[in-house]
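Here is the structure we will look at.
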Ligand SMILES: *Cc1c(COP(=O)(O)O)cnc(C)c1O
């Protein structure tokens, strides 16, 4: 099955549900057992995606988990309550006090926040590496380095990472590679196929696709890691609500058409922006002049519609005028929904400080007619000229 067929046909065992096209929402806290033996067996059965208690998932959760696992070509996957909880739980699952973790300098800001607060507080040393270091990451390893956490492309600054090179270096030093795959989603990049051990994403974004829920997933390369991740999740009590999993499955069915449409519009708008006088440059890995375009071509099978635009101006009032004048680009966090968004972005970088003069904007292109989006931007850009 090709991915577009997978998202339509996986995760819906209609025969189990009296022929219904969609799996129903199974809600649960208590699950009843026929006898004591079955009750005692629950501790083990929860690792096998069997319904044993509400926090461990219900058939609705498992349909989504199994779909993500197949899409990511993973051994197994778990669904978490948000994209951020997927990141935190993955790191907590594999790290302990005294360990060292290498984190990309380009990670999503809340990932950095978790590393700098919680991880450091519990005795894990966190070091940030330059996102473009590739195989040169080998020189960063110490005897206690247990994991590399990559996000490709970087949040806000869109550097693409050499995942196979990172995986090779990590494995040579007995460390794991964890990848935040949110930008490409399970459709356009399969980090486990490039050597990663864990691939995380915010289902919140393209998979959900309608800006109405938060959910995360962790796809896992092998059985022992799957057990380690589940142990951590069961211990922490993180639980994805079955109603939300149902909505995510509903969003997922149309993800391929949405993403393809949005990708085409995104590339066209990015190219058009490159020709505008107010724009210094555009950061979009699918454009041939992006510094990491070759890596993107090698490791990704498609593109998100999320990219950066660096404006010449440093005048905050001018940027404010531009944002106010837009009709179709909403100002707000998150992305991956059907609607276009725009947000000023200031990357936090400590390994390689972000020192680009100008104003960085992050654009998310939705499903609107591209003619309206271009007209909107084209009427708004002159606001920067004063
Ligand atoms: C949005 C996002 C997350 C977190 O997802 P939530 O569901 O909002 O917690 C994680 N990583 C990246 C790259 C994101 O863009």
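The values are calculated or read from the model by the stated rules, or taken from the named source; none is laboratory data. The shown structure was predicted, so the numbers you read here are calculated from the model rather than taken from an experiment. Note that we place each Cβ from the backbone using ideal geometry, even for glycine, and neighbour counts take in every protein chain shown.
Okay, here's what the table says:
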| item | result |
| --- | --- |
| Answer residue from region 52-72, given it is over 26 Å from residue 334 (Cα atoms) and in contact with a helix residue (DSSP H, G or I) (Cβ under 6 Å, 6 or more places away or on another chain) and is farthest from the ligand (Cβ to nearest atom) among those | 52 |
| Close pairs from region 81-97: first within 17 Å of residue 239 (Cβ to Cβ), partner part of a loop (DSSP other than H, G, I, E, B) and more than 8 Å from the ligand (Cβ to nearest atom), Cβ under 8 Å, at least 6 apart | 81/238; 81/239; 81/240; 81/241; 85/238; 89/238 |
| Output for region 326-337, where each listed residue is away from the ligand (no atom under 16 Å from the Cβ) and either surrounded by 15 or more Cβ atoms within 10 Å (Cβ to Cβ) or free of Cβ contacts under 8 Å to residues at least 12 places away in the same chain (or both) | 326, 328, 329 |
| The one condition in (1) touching a helix residue (DSSP H, G or I) at 6+ places or on another chain (Cβ under 8 Å); (2) closer than 16 Å to residue 148 by Cα; (3) within 13 Å of the ligand (Cβ to nearest atom) that residue 79 fails to fulfil | (2) |
| Spans of strands (runs of 3 or more DSSP E) in region 285-368 with at least 1 residues modelled with pLDDT of 95 or more, farther than 30 Å from residue 134 by Cβ and in contact with a helix residue (DSSP H, G or I) (Cβ under 7 Å, 6 or more places away or on another chain) | 341-344 |
| Flag for residue 102 being more than 16 Å from the ligand (Cβ to nearest atom) and in contact with a helix residue (DSSP H, G or I) (Cβ under 8 Å, 6 or more places away or on another chain) | yes |
| Verdict on residue 191 being within 15 Å of the ligand (Cβ to nearest atom) and over 21 Å from residue 364 (Cα atoms) | yes |
| Any pair with Cβ under 6 angstrom, 6 or more apart, that starts in region 110-130 at a residue that is closer than 20 Å to residue 85 by Cα and assigned to a helix (DSSP H, G or I) and ends at one that is at pLDDT 95 or above and within 16 Å of the ligand (Cβ to nearest atom) | 110/84; 111/87; 114/88; 115/103 |
